[in-house]
Amino acid sequence: MKELAIIILNYRTPQLTLNCLDSLALQIDPERHCVVLVDNASGDGSVELFQAVIKIRQWQPWLMLIVSATNGGFSAGNNLGIQAIDANAYWLLNSDTVVLPGAIDLLLTTLNAHPEVGLLSPRLEWPDGQPQISCFRFHSPVSEIIMGASTGLITQLLASCNVPLPVSHKLSFPQWTSFASVVIRRAVFAYIGLLDDGYFLYYEDVDFCRRAQQVGWGVANLPQARVIHWRGGSSSTKADLLTRKRPSAYLYKSRARYFAKFYGSGGLILANLGWLLGRLVAYIRELMGNKQPHTCDQQEWDIWINWLTPLKKHSN
């Protein structure tokens, strides 16, 4: 059994994926580590490119390529990789990342030193070294008021429910952490099962962390282990949010699934009403200050996507 299996999911990002693999190649010990590369039915020539590069660079001793027949989303693709290999821990790693030297050893050493920690993430940073926020509190109906308002006074009044946590420069213990890069013990999967593939993309990380904490596993972040993250490189959704374009419907489907699963159908309705209340505050400020809205196109309507059947399994 390997000490660590690194699961990388590719969907039409072949060059980013190869950059990630290059960053791992010099850190991999084939006796202890392996990489499982899952292509999520890209259909763009990614598989053929990977096959050629693996052969040329002689990565066969530590790299396994799995070709999925369908694109079932983030959870489904990662679950394929996890089920393909036995390991003591699994590192879910986005294709749009570059692992800086020493990260593997730092993460494994820290995980071994903290048996109560089931999930451990590294520091995510931009290519210029600036940190990204990657640790959070759980989303709640109250936090949706903050999201809808995007107003400093509201954020301060409800600070204990604000989702993003400040960047920490020492080992910290958030409620959940981004699955762009996270190491998960094998034992956690034994307790709570695999990632919920009812999420196509987004909210699967907060869901998994919440389920892990419910049975006593801790979540931690280690900033000394560093990973460059080309945020949004594996999906256009974050770019859409930044430019206030209408994102893919799966974002709202995942949001509805999360709130219904952990707060019930009534909690989902409260979350939507809370967001609308916050949005009303923001709208008044926009009128008074002649400001542009901070919300995405049609978001007032899209938050209701799937609210009647939130726990139905959906795909893209």
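The values are calculated or read from the model by the stated rules, or taken from the named source; none is laboratory data. Just so it is clear, the structure is predicted and the values come from calculations on it, not from any experiment. Backbone-built Cβ (ideal geometry, glycine too); neighbour counts: all protein chains shown. Quick note on the areas: whole protein, heavy atoms, side chains included, nothing else; ligands and nucleic acids left out. Shrake-Rupley method; radii C 1.70, N 1.55, O 1.52, S 1.80 Å.
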Take every DSSP beta bridge with both residues inside the stretch 51-184 and express the antiparallel ones as a percent of the total, to the nearest 5. 100 percent
Top of W91, W176, W304 by mean-square fluctuation, Gaussian network on the chain, Cα under 10 Å: W304
Determine the order of Y283, Y202 by accessible area, beginning with the largest, at a probe radius of 1.4 Å. Y283, Y202
Suppose all protein chains stay in the model; what accessible area per residue would a 1.4 Å probe give for the chain, in Å²? 45 Å²
Once the dipole of the chain is set up with Lys and Arg at +1 and Asp and Glu at -1 on Cβ about the Cα centre, which of G72, Q298, P101 lies farthest towards its positive end? Q298
Once you've got the Cα coordinates, tell me which of K2/K170; K245/K313; K55/K313; K253/K291 are over 31 Å apart. K55/K313
The stretch 245-260 scanned against label point 7 Å out from W301 along Cα→C-beta; backbone N under 17 Å for 245-253
Most fluctuating residue given options S143, S254, S160, as computed from a GNM of the chain linking Cα atoms under 10 Å: S160
Using a Förster radius of 30 Å, what is the FRET efficiency between Q224 and I56 based on their Cβ-Cβ separation? Nearest 0.05, please. 0.35
Reported label for calculated semi-axes √(5λ) of the Cα gyration tensor in Å given [x] 34, 21, 19; [y] 28, 23, 20; [z] 51, 22, 14: [x]
For the chain, what % of the accessible area comes from carbon and sulfur atoms, probe 1.4 Å? 57 percent
Does anyone have the angle between helix 14-25 and the longest principal axis of the chain? Alpha-carbon axes, 0 to 90°, nearest 10? 60 degrees
Checking the stretch 126-211 for trypsin sites (Lys or Arg not before Pro) in a loop per DSSP with at most 14 other beta-carbon atoms within 10 Å yields K170
Just subtract the alpha-carbon distance of Q15 and S150 from 0.36 nm times their residue separation and send over the number in nm, one decimal. 45.0 nm
State the Cα centre-to-centre distance between the stretch 259-299 and the stretch 65-114 in whole Å. 35 Å
Stretched fully, the stretch from R285 through Q214 gains (0.36 nm per residue minus C-alpha distance, one decimal, in nm) 21.6 nm
Between rounded, prolate and oblate, where does the stretch 155-237 land on the alpha carbon gyration tensor, with a ≥ b ≥ c its root eigenvalues, rounded for a/c under 1.5, else prolate if a/b exceeds b/c? rounded
Between A149, A190, A212, which gets the highest mean-square fluctuation from a Gaussian network model of the chain, Cα cutoff 10 Å? A190
Using r as the Cβ-Cβ distance of A190 and T70, and R0 as 30 Å, what FRET efficiency do you calculate, to the nearest 0.05? 0.70
Given a cut-off of under 8 Å on Cα pairs at least six residues apart, what relative contact order in percent is computed for the chain? 21 percent
Of the trypsin sites (Lys or Arg not before Pro) in the stretch 16-60, which ones lie in a loop per DSSP and count no more than 15 other C-beta atoms within 10 Å? R32
Classify the stretch 190-229: rounded, prolate or oblate, from the alpha-carbon gyration tensor (a ≥ b ≥ c, eigenvalue square roots; a/c under 1.5 rounded; otherwise prolate if a/b is larger than b/c)? oblate
What figure, in Å² to the nearest 10, do you get for the accessible area of L277 with a 1.4 Å probe and non-protein molecules left out? 100 Å²
Quick check: from the Cα gyration tensor, does the stretch 72-113 come out rounded (a/c under 1.5), prolate or oblate? oblate
